[in-house]
Amino acid sequence: MIYLYAIAEGLDGLPEVLGVDGAPLVHGSAAGLDLVLSEHAAGELDASEEAVLAHARVVEALVARSAALLPARFGRGFRDPDALREAIEGRAASLREALAQVRGCVEVGVRVLRPEPAPPPAAESGRAYMEARLAHTEEARELHEPLAALARAATRTVGATPRLLLSGAYLVEPGELDAFRSRVSELEAAHPELTFVTTGPWPPYSFAPGGET
Amino acid sequence: MSTVPERPLEQQITLLELVDRVLNKGVTLTGDITLSVADVDLVYVGLRVLLTTVSTMERLAAE
Amino acid sequence: MSDELDRILGVTGSGDLDAVAGELDRLQGAFPRRVNADPEKVEKGLAQLVLTLVELLRQLMERQALRRMEQGNLTDEQIERLGQTFMKLEKRMEELKAEFDLEDGDLNLNLGPLGDLL
């Protein structure tokens, strides 16, 4: 099984880290794109903390060595080199587009929590439910849009948990990071009852098409 | 029970964020047309058609 | 290793990091976990897919209804009926999730470019 860590452009050699299960990294190529791989026996991989961290470590180390990078999610295995090449060649155009988009950017994550879960409207009227939903949607939009405005691209994850008002991922140019953090501070000040958690910079996991290929 | 010392809360959160990115446990809608579950592309859904229909309906309803 | 786990750029709010960790934990369920394809998991994977589609449609419909409500295009009776229906749907979704042992994170909809629609 051929295991994929990332698809890159302009990869400047492999980093000196081992992959999942201590497997050595392999530098592959398809459709003119750089692939970072490791080889494993056929079968599934255990998503242990160790394995997930090994994967993350490889992706992290690749950021500094590539002009653009699309991280793969954990568990992207291919039967053989042909299957891998086919998958990449089949999506070469969208992969190049995605690489162009993420080039030079980092991902910043923002989660916003309510102080308590939104009260379940089960006992109330249909109208009360609708009004609560309206307020909820508007609140999330009020938080997401100002941040998305400072990013090259943004995604929102919906339907997370009752307390997570917003889970956003933002593709930010390094020069915009300060402005982005200021914007988060402004939103925090405007919503003192909410908890904001900003994390990053991350490799652009959320902006790789289909996760990766 | 583990004998490994508890990580500080900040590190726990960062680890959870990292795992959430790397594992992508949920379902991703990508490029309007492919639905992936746990990294396996399972279904081609004419989502664009569905969504276009929705927005057309909205527009017609507004007229 | 501690460098990798040093990603928090900012936290504010009632300093409730425990709550943050708790919510993130909810997204992931049990960890570590196996990434494999035993028969039971295949059925669960199918349920996950179907329920996610249902959840997506529910959110799309709800969004549309909310827009019309904002614009004042719905009668009081319509609003009441829509609200009741969406409440029932939400309740049923919770039941189905429990039945298939699916958690919040399993139906985590990452909308990417479609995010603007919701």
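Okay, here's what the table says:
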| quantity | calculated |
| --- | --- |
| Long-range tail of P(r) for the stretch A:2-103 (Cα pairs > 25 Å, %) | 13 |
| Between the stretch C:43-87 and the stretch A:1-57, the alpha-carbon center distance in angstrom | 41 |
| Taking A:Ser48, A:Ser38 and counting other C-beta atoms within 10 Å, the order from fewest to most | A:Ser48, A:Ser38 |
| Packing-based exposure ordering (other Cβ within 10 Å, fewest first) of A:Val184, A:Val36 | A:Val184, A:Val36 |
| Residue exposure sequence - A:Tyr205, A:Tyr170 - by fewest surrounding Cβ within 10 Å | A:Tyr205, A:Tyr170 |
| Debye equation applied to the C-alpha atoms of chain A, log10 I(q)/I(0) at 0.08, 0.19 Å⁻¹ | -0.36, -1.25 |
| For the stretch A:94-103, Karplus couplings with θ = phi - 60° (6.51, -1.76, 1.60), whole Hz, Gly/Pro x | 5, 5, 5, 4, 5, 4, 4, 5, 7, 3 |
| Degrees between helix A:81-90 axis and first principal axis of chain A (Cα, 0 to 90, nearest 10) | 50 |
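FYI, it's all coordinate maths here, none of it is from the lab. Everything numeric here is computed off the predicted structure, so don't read it as measured data. As a convention, Cβ positions derive from the backbone with ideal geometry for all residues, glycine included, and neighbour counts pool all protein chains shown.
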